Amino acid sequence: MTDYPFGSVLVANRGEIAARILRTVKAEGLRALLVAHPVDGWTPAMALADETVMLEGDTPVAAFLDGAAIIAAAKAMGAGAIHPGYGFLSENAAFARAVEAAGIVWIGPAPETIDLMGDKISARRFVAERGFPVAPSVIEEDDPGNFAAHARAVGAPLLIKPSAGGGGKGMRIVRDLDTLEEEIATARSEGERYFGDGRLFIERYVENPRHIEVQVLGDGKGGALHLFERECSLQRRFQKIVEEAPSPALDETERQRICEAAAGIARACDYRGAGTVEFIYGGGGEFYFLEMNTRLQVEHPVTEMITGVDLVEQQLAIAAGNPLPVAQDGLMRAGHAIEVRIYAEDPAAGFTPTTGPVLRLVPPAGARFDAGLIEGERVHAAFDPMIAKLIVHGADRAAALAAMDGALARLTLLGVTTNINYLRRLLADPDVAAGRMHTGLIAEKAGLAAEPPPSTETIDALTALAALVIPDVGAALDAVPDRHAAMGRWRN
Amino acid sequence: MRRIISRISTASADFAANAAHHRAIAADLAERQRSARDDRPERDRERLARQGKMRLRERLDALLDPGTPFLELSTLAAGRAYGGEVPGAGQLTGIGIVGGREVMIRADDPAVKGGAWYPHSVKKIVRALDIAIENRLPVVHLCDSAGGFLPLQADFFPDRYHAGRIFRNQSILSKLAVPQVAIVMGHCTAGGAYIPALSDYSVIVRGTGAVFLGGPPLVKAATGEVVSVDELGGADMHTSVSGVADYPAASEAHAIALAREVLASLAPRPKSRIDEAAAEPPAYDPEELYGILPRDPRTQFDMREVIARIADGSRFHEYQPAFGTTLVCGFARIWGYKVGILANNGVLFSESALKGTHFIQLCDKDRTPLLFLQNITGFMVGRDYERGGITKDGAKMIMAVSGASVPKFTVNANASYGAGTYGMAGRAFDSRFLFSWPQAQVGVMGAEQAANVLTEVKMRQRAREDRKLGEAEAAAIREPILAEYADKASAWHATSELWDDGILDPVATRNALGIAISAALNAPIDDPAHYGVFRM
Amino acid sequence: MQGYLRIGETIAPLALSKGPRLADGRLVSLEADWLDIGGERWPIAYARDGDRLWVHLGGQIHELAWVDPVAFHEAAAAGGSNNIVAAPMPGVVVRLIASEGQDVAEGDPLLVIESMKLETTLRAPADGILALHVAAGQGFDRGAPLATITPKD
C-alpha cells in the first residue's frame, strides 16, 4: 500500500473519466472528491464521490474551465490533491501553478513541462535538438518573411498547423503548392479565431500515415518507462474513434525504436507522471514526433489491459513522490486490447451530435465499459458527445476484434442515437480486420456511415413489436370484433 | 345441445354425383363473380390510370381493416340486364370492418360506364341504405359517378323507391344517428351531389373529386358562364368556401386514411344483446353440402343434414320433432349466436304451419333471431286440407313471420314457391338479409306446375268449344312456359333483379350468416310483438 | 391499416390483424426479453419515447418512429404547401435575422444557431411568409421546428 502525503483527491472533471479516476482513488483508500455541474444530473462519478461541490458558470463548459472556482471548491472540501483528467484544464500550466501555489498537490507533470510540450513549436524544437526524429518542417517564427519559400522546400504534401492548436483543429493538408499562399492565409485566420494565436508551422505530410502513440511514465527526476504503444489511426476529422494496443503495423524492432524514443523524450524533459508521446508513422518504418500530451489520455485503458498496470494508480503514486513501479525490462505485455468510443451522434446524418434520454443502458458482460451516464439521465448538448468507452482484451488481435463485435452486439443503449451500429460495421470492414489502417481510412470508407436498410425479417420483427407496444396500433387492433378477426380476410 | 347424427353416406355414388354437380356450379358462381368484379374494358382501366385513380377493389382494400372479412352483397346485380354491360350494376355494396366498426360500404365503380346510375344501380343503392337503416349500420360512400343514365330516367327517377329514396334514406339514417362518411373521389353531379351533402362527414380528393349540381357544360349551356371543374366544385372551394365538404385530401390514399380516422373516432354504440356462446366450427365438413344438395331440384333432401354443416358443433335442439315433420324447427348456434331455425322437409301442411307459427312466437319471446332455410314448393292442396283450414293455418304463419320483432335471416337453399315463400320469410317479409344458393329457384310456382296448369286451362277451354288439344299445340304451350319460368325462376335472374342480397356458395353460408347476424345486432330489438289477429 | 413505421430511411406499412398477427398470419407475442413470432423467439430490448421506439434486436440498435396514417399522407403531400425549417443538430439560437411575418425569398437568411462551437446561418427553403417558433437564446433538439415558411396564395 502506497503512502500518500495527501488524504483526498479532487477530480476536476466529469463523465466517464471522472468516474474512472475516482474508482482508483477509492481503491487506494483516499477520500474521493468531485466537482460537478447540475446539467449532468446524477452520474456514476457522483455516486462514487464522498463529497461533491456544484460548479456554476455561464455555460457548463465554462464552469469546468474556471480554475479559481475549482481551487476554491478544493479548499472548501479540504482536498489534498487535484487530478484534472483530460481536456478542460489538464494541460493548462497556469492552472497547475495556481494549484501548487494553493498548497495542493497537482496530479500531473511540472507546469514548465506543460508549457514546453504545450507549444507545438517549442516542443518540436526541444525534441529535434536531442536527436529524436521529427518531420521536415518550417517554423514560421524562425523566418516569417520567407515562410512560404521554406514551405515549398519541405515539398508536397505538407501540413499547415496552428502552433497553439491541438486535438486536430485548424490543420490543413496542401498537396498542390499553387494553393499554398491561400491555404496559409486561411489557416492563420482559423488559428486566430479558435486559439487566439495565428502562428503557424508547416511540416511534411506523410500520406496514409498511421497514428502511433506511446504511453510513458516519468518519475520527475529523469527516470522514465514506456508501456508500449497504441495505434489510433481510425479517426474522423482528427477525432479518434477506435484505439488498440499493440499496433498491428509494428514488428518488434520498430516497436523497440519507437517506444525507446518516447521514453527518451520523457527522460529528456524530466517528465513527471503519466504522458503520451504521439508519432506519425509511414509505411517502411519512417516515424516522426508529432506532439506530447502531458496528461492521461482517453484511450489509456487499452494499455492497462495489455500490461496490467493501473495508470491512474501510478499517477497518484508518482505524485506522492514514489519511484517508478518496475524497470523497463520487468514490464511485459500480453494479448491485444481494443477500445471504441461511443459518441452521441448520428453517422447517417453526417455524424451530427444527438441528444436524448438514456431510456435503457445495459453494458455487455465480459467487457470493460467506462461510462459517464446512467439509465434515466439525459445526454445533452452542453458537453462533448463522447458518452462512453467500450474496451475488450483478447489473446490476439483477431480474438479482440471478435470480442469487440460481440460486446457491441450485446451493448444496449436506447433513447439517443449513437455510433454503436457504425462501430460494428467499421470493425467488420476487411481493411480494418486485416490491420490495413491509416488516418484517412475512415474518410475513404464514407459509405459505412449509412445505416444499411433492414432485412425483411427485421422489418417483420419490428412490425411485430410495434403491434405489441405502440398504444395506437394496439388500440386499432383491439377495436376489431373477435368474431371478425377469427374469420380473417374472408370474402364471399 | 346434442349433435345431429348424419345419416347420409358420403361414400355413395349419389353423394359423389351431387358433389361433382354442385362443385361445378360453385365454380361457375366463383367465375361469374370474379368476372363481375374484375373484368373491365381496357379503355376504362386506362382512363382511371391516367386520372391517377385507384381501381375500386384497391380502394376497398385500403378502406377495410387488414385481416377482416368482407360480405359483398348483390355482386351479380344487373348480370342479366343491359346486355351484361353493367356488371354489378356498376355499384359495390357490402359489410366490412373499418376502424373496428361494422359498416355498410357503398361505392360507385368508375370503370363501369363511368359509374353511371342505371335503374338497377339505384335499386342496389336503395337496398344497401335500407339494410343500413334496418341494422343501424354506419355507411361509407365512395363517390365517383358520371350521374344518372338519362335514357332510362323514367325507370330510376320518378317513383317512390327510385333515386329520391336514396336521399330520403340518407336523411333517415342521419335522423337515427347512424353516421355516414362520403369520400368524393370523382364527380358527384346533380342528384349525386346530395350524397356527400347528406352525409355527416365528407372527404373530397383534390384534383379528381368534385361536387356540383350542374357540371361546366351544363352551366355554360344554362347561363353562358364559363368555369372550370375545380372552381365550380373542387376540393379546396368546398372545404374552405362553401362548407359542402369537410376534409380536403391530397390523394385517394389520404382520403381513405381520413375516412378511417373519422370512423375509428366515432363513439362506439352498444349492440343488442342476444344469447351468445363461444363459437365452434361444425363437426361435419361444410363441403359435404355439395353432396347433400340434389342434382335435380325436385329431389327431396333432409334439411337436418344441411343444418349439421352450418351450425356450431353441428348441434341442434329440435322443437316438436314428432309433429308437423315437414317443417323442421329448432335451436342452434351460428358463430356462437343462438338462432331459431325453420327449415323445409317437404310441403307445408296445417301441422307444419301451426308448428312454425308457435315456434316463431317462442323465438320472439326468447329474443332469438330467426333463420329460414327455404326449400318450399307451397302449402298442401286438396279438399281434405282445405276443409282442415290449411289456408287459415298458412295465414297464421304469415301473420307470425310479418309481426316478429327479432331479426330474420333467409336462405333460399333450393326452392321458394308460392305462399310457401311468404310463410318462410321471403323477400316481402323484411328479413334483414336474404341470400340464394346457386341452384335455388323462386317463383309463384314451379315451371312444370305452371306449364301443367296453363295446359290444363287451355284443354278446358277447348273442351267448352268441343275441341281437343293436340300434342303439338300442347307442346307449343308447355315449352315456352317451361323456358320462361326456368329463366326467370333461376337464382341468376333473381339476383340480377335484386330479389335477393346475393348468391352464396353453400359453403360460404356460415360465415355470411355470422357477419349478417353480428351486423343486425347494431339495431335495437323491439319488445316481443303484439301480433295481428291469428285466424283461429 | 395501423399506420407506418419509419426505420431510418425505410417506411414499412403496418397491416397487421388482431392477434396480433403479421400480414402472413404469424401470431406475435412479447414476454420479458423475448419476442415470439410464429413460434420463433428473438431476444429483444426496447424503450418507447412517445411515438419513437428504440429497439435492440439482432445485435443492432434500431430507431423507429410510428407515423399515424393521416399524418403520413399529409406529410407526403405537404412537400410544397408548408416549408418547415428544422434544426439540423441540437443547439442554441444565437440571433434572429428575419422577423415574424416577414415576406422572405428562398435563400434569405433567417436566424443563426450555434452548436458545438459551430455557428450556422439557416436560410429560407422557399418564398413565403415567415413564422418563427424560437427566440434568441433558446435551446433546441435536433429536428425541432424552428420556423415555418407559408407560401402566399
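The values are calculated or read from the model by the stated rules, or taken from the named source; none is laboratory data. Since the model is a prediction, treat every value here as computed from it, not as a measurement. No Cβ is skipped: glycine too gets one built from the backbone with ideal geometry, and neighbour counts run over all protein chains shown. Calculation scope for accessible area: heavy atoms of the full protein, side chains included, ligands and nucleic acids excluded. Shrake-Rupley method; radii C 1.70, N 1.55, O 1.52, S 1.80 Å.
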Checklist outcome for this item: Counting other chain Cβ atoms within 10 Å of each Cβ in C:2-13 and taking the mean gives 5
Checklist entry - Once you charge only the Cβ atoms, +1 for Lys and Arg and -1 for Asp and Glu, what is the size of the charge dipole of the protein assembly as shown about its Cα centre, to the nearest 20 debye? => result 5120
Checklist entry - Along the Cα-to-C-beta direction of A:A434, a point sits 7 Å from the Cα; which residues of segment A:249-277 have their amide N less than 20 Å from that point? => result A:249-251
Next on the checklist: I want the local charge near B:E102. Using Cβ-Cβ distances under 12 Å, sum +1 for each Lys or Arg and -1 for each Asp or Glu among the other residues.
Outcome noted: +4
Checklist outcome for this item: Taking R0 as 51 Å and r as the Cβ-Cβ distance between B:E42 and C:A65, the FRET efficiency 1/(1 + (r/R0)^6), rounded to the nearest 0.05, comes to 0.75
Next on the checklist: Show me, for segment A:321-328, the HN-Hα J-couplings you get by feeding each phi into the Karplus relation (A = 6.51, B = -1.76, C = 1.60, θ = phi - 60°), rounded to Hz, glycine and proline as x.
Outcome noted: x, 7, x, 5, x, 7, 7, 3
Checklist entry - Toward the positive end of the charge dipole of segment A:282-376, about the Cα centre and with charges on Cβ (Lys, Arg +1; Asp, Glu -1), which of A:G366, A:V340, A:G308 goes farthest? => result A:G366
Checklist entry - Using alpha carbons only, how many degrees (0 to 90, rounded to 10) separate the axis of helix B:119-135 from the longest principal axis of chain B? => result 80
Checklist entry - In sequence order, what are the phi-derived ³J(HN,Hα) couplings for segment B:516-523 according to the Karplus relation 6.51 cos²θ - 1.76 cosθ + 1.60 with θ = phi - 60°, rounded to whole Hz, with x for glycine and proline? => result 5, 5, 4, 5, 4, 6, 6, 9
Checklist entry - What dipole magnitude, in Debye to the nearest 20, does chain B give about its Cα centre under +1 on Lys/Arg Cβ and -1 on Asp/Glu Cβ? => result 860
Checklist entry - Suppose R0 equals 60 Å; then what is the FRET efficiency for A:E100 and B:A49 from their Cβ-Cβ distance, rounded to the nearest 0.05? => result 0.10
Checklist outcome for this item: Magnitude of the Cβ-charge dipole (Lys and Arg +1, Asp and Glu -1) of segment A:324-471 about the Cα centre, nearest 20 debye, reported as 200
Next on the checklist: Using the Cα centre of chain B as origin and beta-carbon charges of +1 (Lys, Arg) and -1 (Asp, Glu), tell me which of B:A308, B:S35, B:T208 is placed farthest towards the positive end of the dipole.
Outcome noted: B:A308
Checklist entry - With each label point set 7 Å from Cα along the Cα-Cβ vector, what nm distance links B:A81 and B:E280? => result 4.5
Item to check | Listed pairs B:K271/B:K408; A:K26/A:K120; B:K365/B:K408; B:K113/B:K175 exceeding 24 Å between Cα atoms | outcome: A:K26/A:K120; B:K113/B:K175
Checklist entry - Each label point is 7 Å from the Cα along the Cα-to-Cβ direction; what then is the distance between the points at C:Q102 and B:R168, in nm? => result 6.5
Checklist entry - Taking chain B on its own, what percent of its Cα-Cα pair distances exceed 31 Å? => result 51
Checklist entry - Between B:E471 and B:V453, 0.36 nm times their residue separation minus their Cα-Cα distance comes to what? => result 4.9 nm
Next on the checklist: Please report the equivalent ellipsoid semi-axes of segment B:146-289, computed as sqrt(5 x eigenvalue) of the Cα gyration tensor, largest first, in whole Å.
Outcome noted: 37, 21, 16
Next on the checklist: Could you tell me the center-to-center distance, by alpha carbons, between segment C:1-73 and segment B:74-136 in angstrom?
Outcome noted: 37
Next on the checklist: Going by Cα centres, segment B:333-360 and segment A:336-384 are how many Å apart?
Outcome noted: 74
Checklist entry - Ignoring ligands, DNA and RNA, what percent of the 1.4 Å accessible area of segment A:1-151 is carbon and sulfur? => result 53
Checklist outcome for this item: Checked segment A:238-279 with the C-alpha gyration tensor, a ≥ b ≥ c its square-rooted eigenvalues, rounded below a/c of 1.5, otherwise prolate if a/b is larger than b/c and oblate if not; verdict oblate
Checklist outcome for this item: The base-10 log of I(q)/I(0) that the Debye equation returns for segment A:33-82 at q = 0.24, 0.26, 0.32 Å⁻¹, one scatterer per C-alpha, is -0.92, -1.04, -1.28
Checklist entry - Sorting B:W492, A:W106 by accessible area (1.4 Å probe), largest first, what list results? => result B:W492, A:W106
Checklist outcome for this item: Per the 1/(1 + (r/R0)^6) rule, R0 = 25 Å and r from the Cβ atoms of A:A475 and C:A75, FRET efficiency to 0.05 is 0.70
Checklist outcome for this item: When the charge dipole of segment A:1-118 is computed with +1 on Lys and Arg Cβ and -1 on Asp and Glu Cβ about the Cα centre, the Cα farthest towards its positive end, among A:G108, A:A93, A:T2, belongs to A:T2
Checklist entry - Per residue and in Å³, how big is the convex hull formed by the alpha-carbon atoms of segment A:340-402? => result 106
Item to check | Compactness of segment A:221-364, expressed as Rg and Dmax over alpha-carbon positions, Å | outcome: 17.2, 50
Item to check | 4 °C / 1.567 mPa s Stokes-Einstein diffusion coefficient of segment A:166-268, Kirkwood radius on C-alpha pairs, µm²/s | outcome: 80
Next on the checklist: Let me check against my output: what whole-number percent is the relative contact order of chain C, with C-alpha pairs under 8 Å and at least 6 apart?
Outcome noted: 18
Item to check | Space enclosed by the convex hull of the alpha-carbon atoms of the protein assembly as shown, per residue, Å³ | outcome: 250
Next on the checklist: Step by step: find N for segment A:229-298, compute 2.2 N^0.38 Å, then divide the Cα radius of gyration by it. What's the final number?
Outcome noted: 1.11
Checklist entry - If you count, for every residue in C:66-73, the Cβ atoms of partner chains within 10 Å of its Cβ, what is the mean? => result 6
Checklist entry - What angle do you read, to the nearest 10 degrees and between 0 and 90, between the alpha-carbon axis of helix A:456-469 and the longest principal axis of chain A? => result 70
Checklist outcome for this item: Tilt, helix A:397-410 to longest principal axis of chain A (alpha-carbon atoms), in degrees rounded to tens, equals 40
Next on the checklist: Using the basic label-point model (7 angstrom from Cα toward the beta carbon), what is the A:A365 to A:A486 distance in nanometres?
Outcome noted: 4.4
Item to check | For segment A:276-369: accessible area per residue (Å², 1.4 Å) | outcome: 30
Checklist entry - When Cβ neighbours within 10 Å are restricted to other protein chains, what is their mean count per residue of peptide B:49-60? => result 0
